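A.B. asks: Could you have a look at this structure, given as structure tokens, before my questions?
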Amino acid sequence: MTAAVLLVSPYVSREARAELTINGEVAGLRAQFVDVNGIRTRYYEMGGGEPMVLVHGEGWSGFASANVWSKNISLFAERFHVFAPDKLGSGMTDNPRDDNDFNVQGEVDHIYDFIRVMKLGRVHLVGEGRGGSCVLFLALQHPEVVRELVIVDSNSAAPVTARTDGAGLNECPKEPDWEGWKCRTRMLSALPEEAFDDEYFMAGKYMSLLPKSQETAAKLKAGAGGELATAAGFENWKAEWFGRIRKEGVLEMPVLIYWGRNDSSAPVANGQALYDAIAKQNPYASVVVADKAGHFPFREYPEEFVSDVTNFIDHAGDSQISANPSN
């Protein structure tokens, strides 16, 4: 068992101080580590049954981690064998061995390799925010490992350049990074006090100050990741994939687009555009718009989110059996 450390922050009330382990865990979860092709990868695991992989958003920082799924893991685990890894260079997962992998393709390769190293076979794949684009492109490149695909509030997965109203995000502090992250997270949530507690933010701050995370920031500042890490490079790359989705129907598994109606950073119109692009060739595409929800519907209404996703998976399986009775 790992030793625990008490992180005392002047930004957190004495009553709200939480005990965190050296592995940055929250909500009573216990992290494990696995070597994924030389990358020490932190992950949560719980439950039994069919495997489900949850991929968190943001990235390339300590405060972006699988902790964001802390309200969903135990609920999903009542039905599924849940795995929630920290993405490449995020949370407590190592940075890429090659600086050219600081981009979405590096993230895709890492999650795909995680699925193979853990011998999960075909998985129910769920991604939120920037994790939504990771799971989308993983499903496009490696459809053989994906049962169903769920994309949650992901501008980076949408086929159009994000149009946002900013939600006053420019008012959030630039330094230190973790304070800006805390400000943006609360501002983008429709239910900030219910969705995110002090323990969550303290764990994010702790992981963002680790030497690995400081190295991440320095490498990104130096231009790691190449052309695909730039906005223009990523949009061009994404456009090529969406051309294939629309014309060739290369995304064939059931897909659920899940969006918060009041997400000011990822407008619901972008979620609709994502659904339209996929549904053009895919009869198994669905969309759910969560009312009174912001950028984090899975944390704002965790029970409803888990129920909706589980129902989608059940219905998608029934639909595929009906369409292919010989399978």
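A.B. asks: Sort out which residues of the range 292-315 are surrounded by fewer than 19 Cβ atoms within 10 Å (Cβ to Cβ) and small (Gly, Ala, Ser), and write them in order of number.
C.D. replies: Selection gives 307 alone.
A.B. asks: On to the next question. Restricting the search to the range 65-89, which residues are within 17 Å of residue 24 (Cα to Cα) and without any contact (Cβ under 8 Å) to a residue 60 or more places away in the chain? Walk me through how you get there before you give the answer.
C.D. replies: Taking the range 65-89 first, the residues within 17 Å of residue 24 (Cα to Cα) are 65-71, 73, 83-89.
66, 73, 83, 84, 85, 86, 87, 88 - these are the residues of the range 65-89 that are within 17 Å of residue 24 (Cα to Cα) and without any contact (Cβ under 8 Å) to a residue 60 or more places away in the chain.
A.B. asks: Residue under question is residue 82, and the condition is that it be assigned to a strand (DSSP E or B) and at pLDDT 95 or above; does it hold?
C.D. replies: Numbers: assigned to a strand (DSSP E or B): yes; at pLDDT 95 or above: yes.
Taking the combined requirement at face value, the residue satisfies it.
A.B. asks: Okay, next question. Restrict the check to the range 158-168 and report whether at least one residue is touching a helix residue (DSSP H, G or I) at 6+ places or on another chain (Cβ under 8 Å) and part of a helix (DSSP H, G or I).
C.D. replies: Within the range 158-168, none of the residues are touching a helix residue (DSSP H, G or I) at 6+ places or on another chain (Cβ under 8 Å) and part of a helix (DSSP H, G or I).
A.B. asks: If you don't mind, another one. Is it the case, given these coordinates, that residue 106 is in a helix (DSSP H, G or I), over 26 Å from residue 179 (Cβ atoms) and among the small types (Gly, Ala, Ser)? Lay out the reasoning, then the answer.
C.D. replies: Numbers: in a helix (DSSP H, G or I): yes; over 26 Å from residue 179 (Cβ atoms): yes; among the small types (Gly, Ala, Ser): yes.
Yes, satisfied.
A.B. asks: Which number in (1) in contact with a strand residue (DSSP E or B) (Cβ under 9 Å, 6 or more places away or on another chain); (2) within 20 Å of residue 26 (Cα to Cα) marks the one condition that residue 113 misses?
C.D. replies: Condition not satisfied by residue 113: (2).
A.B. asks: Ok, one more. Looking only at the range 118-143, count every residue that is under 26 Å from residue 215 (Cα atoms) and either charged (D, E, K, R) or touching a strand residue (DSSP E or B) at 6+ places or on another chain (Cβ under 6 Å) (or both) and tell me the total.
C.D. replies: 7
A.B. asks: Where residues in the range 186-232 are in contact (Cβ under 8 Å) with a residue 60 or more places away in the chain, farther than 22 Å from residue 42 by Cα and in a helix (DSSP H, G or I), which of them is least open to solvent (accessible area, probe 1.4 Å)?
C.D. replies: The qualifying residue least open to solvent (accessible area, probe 1.4 Å) is 195.
A.B. asks: Among the residues of the range 250-272, is any touching a residue at least 24 places away in the same chain (Cβ under 8 Å), exposed (fewer than 14 other Cβ atoms within 10 Å of the Cβ) and under 30 Å from residue 27 (Cβ atoms)?
C.D. replies: Looking through the range 250-272, none of the residues is touching a residue at least 24 places away in the same chain (Cβ under 8 Å), exposed (fewer than 14 other Cβ atoms within 10 Å of the Cβ) and under 30 Å from residue 27 (Cβ atoms).
A.B. asks: From the list 163, 147, 130, which residue is modelled with pLDDT of 95 or more, of a type outside the set (S, T, N, Q), within 29 Å of residue 184 (Cβ to Cβ) and surrounded by fewer than 24 Cβ atoms within 10 Å (Cβ to Cβ)?
C.D. replies: 130
A.B. asks: Turning to a different aspect of this structure: What number of residues within the range 35-79 satisfy the criterion of being open to solvent by less than 10 Å² (accessible area, probe 1.4 Å), aliphatic (A, V, I, L, M) and outside any strand (DSSP E or B)?
C.D. replies: The total comes to 4.
A.B. asks: What is the one condition in (1) in contact with a strand residue (DSSP E or B) (Cβ under 7 Å, 6 or more places away or on another chain); (2) surrounded by 24 or more Cβ atoms within 10 Å (Cβ to Cβ) that residue 89 does not satisfy?
C.D. replies: The number of the failed condition is (1).
The values are calculated or read from the model by the stated rules, or taken from the named source; none is laboratory data. Every value quoted in this text rests on a predicted model; they were computed, and no experiment measured them. Backbone-built Cβ (ideal geometry, glycine too); neighbour counts: all protein chains shown. Side chains are part of the model used for accessible areas, which takes the heavy atoms of the whole protein and leaves out ligands, DNA and RNA. Shrake-Rupley method; radii C 1.70, N 1.55, O 1.52, S 1.80 Å.
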